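The values are calculated or read from the model by the stated rules, or taken from the named source; none is laboratory data. The model shown is predicted, which means the values in this text are computed figures rather than measured ones. In this analysis, Cβ positions are derived from the backbone assuming ideal geometry, glycine residues included, and neighbour counts consider all displayed protein chains.
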Amino acid sequence: MNVPLLDLKAQYAGIRNEIREAMDRVCDSQHFILGPEVKSFEEEIARYCGVKYAVGVTSGSDALIAALMAYNIGRGDEVITTTFSFFATAGAIARVGARPVFVDIDPDTFNLDIPAALKKITPRTKAIIPVHLFGRCVNIDPLVKTGIPVIEDAAQAIGAKDDRGRQAGSVGPVGCFSFFPSKNLGAFGDGGLITTNDEKLADLLQVLRGHGAKPKYFHKIIGGNFRLDTLQAAILRVKLKYLDRWSAGRRANADRYRAFFKEVGRVTLPQDVPGHIYNQFVIRAPNRDRLQEHLKEKGIGTEIYYPVPLHLQECFKELGHKKGDFPKAEAVAADSLALPIYSELTESQQKYVVDHIRAFYA
Ligand SMILES: *Cc1c(COP(=O)(O)O)cnc(C)c1O
């Protein structure tokens, strides 16, 4: 049996005609930059996320960069974030010239340790970027209360809800999303989005994504080309309608894993919380590397998210961190493994995965 980590072909098979119609609509219009498709998508997704405004951008990485630019963050500024995330979270901070200030994680949630983050605040702290990692929301209320801008990295968490039922990207002043194909709402290429309830911020972000021009060819500020592709917006409008169904499928698969894993004592499963949308189903497993190799031999795709915490990345050497600085994140980086969880996964595929994990530890 073959069980890929993610099978987007299965998803596409169910929506092929609708997607092709949407793409034809854009091709026939020959209108490829912004326009009504992007505007409609922004309205639809703002409604979905429970915010007033959404601004489509080129990628999740650029969403973070544009949000930091909107707060005028740069050289000499500090931005607090988790050391356990995809690189873009910290890369964006460094790209605008600011200093990433890393914080360890709560190993039960894989998310930013909020009390530890609060302790890192200095007069130079200009923003805090919590990440709703793997599709599980972190409750950011204590961060928002500080009055420091909180930029939610919700790249992996579209549709996820926090412990008070609030949508990822709608709690802080600004939320950043990615439509990278492996995210729960994936484009046919790159794409991203910024959400906010602040009209002024939304206007500023719209100006920033078009090189800071307002009106055209008049630049009071420097922005970039951060525009979401019209073709991607048309595709995403189709996929957004199915998102809750797909997320429910992921949650059902997580429940099924929990049942199958009952007699496998060696691994730790992710905590089951109602708002989790399982962009990844990440277990902690002793002998992780050998387990991954074993599963690969059996045709089972897995991935390590992420093998090196951000504070130990070579490019951040100048920050002066060393092994042991953030032991919880380091421990998770050493023994966590993402299993297939996509919505179209079958019961027999899941059973096959768990059977081979059980056999490995037997
Ligand atoms: C994917 C991701 C990003 C970056 O999104 P891109 O669209 O790939 O640029 C940022 N942060 C996190 C946590 C991500 O998972």
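Among D7, D28, D104, which is the only one that is closer than 30 Å to V353 by Cα and either surrounded by 15 or more Cβ atoms within 10 Å (Cβ to Cβ) or among the charged types (D, E, K, R) (or both)?
Details: D28 fails: closer than 30 Å to V353 by Cα; D104 fails: closer than 30 Å to V353 by Cα.
The conditions single out D7.
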Notebook entry, point to check: In this structure, does F84 turn out to be at pLDDT 95 or above, touching a Pro at 6+ places or on another chain (Cβ under 7 Å) and not in a strand (DSSP E or B)?
Noted result: yes
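Go through the range 143-156 and count every residue that is more than 16 Å from the ligand (Cβ to nearest atom) and either crowded, with 24+ Cβ neighbours inside 10 Å or at pLDDT below 95 (or both). Quick ask: steps written out before the conclusion?
Going through the range 143-156, the residues more than 16 Å from the ligand (Cβ to nearest atom) turn out to be 143-149.
Okay, now just the ones that are also either crowded, with 24+ Cβ neighbours inside 10 Å or at pLDDT below 95 (or both), so 143.
Qualifying residue count for the region: 1.
What are the residues in the range 296-329 that are basic (K, R) and surrounded by 12 or more Cβ atoms within 10 Å (Cβ to Cβ), if any? Give the steps one after another, and end with the answer.
Here is the first cut: in the range 296-329, the residues basic (K, R) are 296, 298, 317, 322-323, 328.
Selection gives K298, K328.
Pick from the range 157-197 the residues that are polar (S, T, N, Q) and over 22 Å from I15 (Cα atoms): which of them is farthest from the ligand (Cβ to nearest atom)?
Taking the range 157-197 and keeping what is polar (S, T, N, Q), we get 167, 170, 178, 182, 184, 195-197.
Those still in the list that are over 22 Å from I15 (Cα atoms) too: 167, 170, 195-197.
Details: Q167: 16, S170: 17, T195: 14, T196: 17, N197: 21 Å.
Among residues in the range 157-197 that are polar (S, T, N, Q) and over 22 Å from I15 (Cα atoms), the one farthest from the ligand (Cβ to nearest atom) is N197.
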Next item on the list: Just give me the residues in the range 46-58 being surrounded by fewer than 24 Cβ atoms within 10 Å (Cβ to Cβ) and at negative phi, in sequence order.
Entry: A46, R47, Y48, C49, V51, K52, Y53, T58
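Answer yes or no as to whether I93 is within 29 Å of N279 (Cα to Cα) and either more than 14 Å from the ligand (Cβ to nearest atom) or in contact (Cβ under 8 Å) with a residue 60 or more places away in the chain (or both).
Working: within 29 Å of N279 (Cα to Cα): yes; either more than 14 Å from the ligand (Cβ to nearest atom) or in contact (Cβ under 8 Å) with a residue 60 or more places away in the chain (or both): no.
No; evaluated as a whole, the condition is false for this residue.
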Check: What is the number of the single condition among (1) crowded, with 19+ Cβ neighbours inside 10 Å; (2) free of Cβ contacts under 8 Å to residues at least 24 places away in the same chain; (3) among the hydroxyl-bearing types (S, T, Y) that T346 does not meet?
Finding: (1)
Item checked: Residue list for the range 157-188, filter: assigned to a loop (DSSP other than H, G, I, E, B) and among the polar types (S, T, N, Q) -> S170, S182, N184
Next item on the list: Please give the number of the condition F87 fails out of (1) surrounded by fewer than 23 Cβ atoms within 10 Å (Cβ to Cβ); (2) away from the ligand (no atom under 14 Å from the Cβ); (3) of a type in the set (A, V, I, L, M, F, W, C).
Entry: (2)
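Just to check your reading of the model, which residue among I129, I121, I140 is in contact (Cβ under 8 Å) with a residue 60 or more places away in the chain and either under 20 Å from I93 (Cα atoms) or within 15 Å of the ligand (Cβ to nearest atom) (or both)? Spell out the reasoning first.
Details: I121 fails: in contact (Cβ under 8 Å) with a residue 60 or more places away in the chain; I140 fails: in contact (Cβ under 8 Å) with a residue 60 or more places away in the chain.
It is I129.
Examine the range 99-116 for a residue that is under 20 Å from N225 (Cβ atoms) and away from the ligand (no atom under 15 Å from the Cβ), and state whether such a residue exists. It would help to see each step written out before you state the result.
Taking the range 99-116 first, the residues under 20 Å from N225 (Cβ atoms) are none.
Looking for residues that are under 20 Å from N225 (Cβ atoms) and away from the ligand (no atom under 15 Å from the Cβ), one finds none in the range 99-116, hence no.
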Item checked: Of residues in the range 210-251 being exposed (fewer than 14 other Cβ atoms within 10 Å of the Cβ) and among the aliphatic types (A, V, I, L, M), the one farthest from L291 (Cα to Cα) -> I222
Next item on the list: Go through the range 218-276 residue by residue and tally those that are in contact (Cβ under 8 Å) with a residue 24 or more places away in the chain, among the basic types (K, R) and not in a helix (DSSP H, G or I).
Entry: 2
Margin query: Checking the structure you have, find out if any residue of the range 238-259 is of a type in the set (F, W, Y) and either touching a strand residue (DSSP E or B) at 6+ places or on another chain (Cβ under 8 Å) or farther than 24 Å from E42 by Cα (or both).
Written below: yes
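For the range 50-63, state whether one or more residues are within 16 Å of the ligand (Cβ to nearest atom), among the acidic types (D, E) and under 30 Å from I121 (Cβ atoms). So that I can check it myself, show each step before the final result.
Just the residues of the range 50-63 that are within 16 Å of the ligand (Cβ to nearest atom), to begin with: 54-63.
Those left that are additionally among the acidic types (D, E): 62.
Next cut, under 30 Å from I121 (Cβ atoms) only: 62.
For the range 50-63, residues within 16 Å of the ligand (Cβ to nearest atom), among the acidic types (D, E) and under 30 Å from I121 (Cβ atoms): present.
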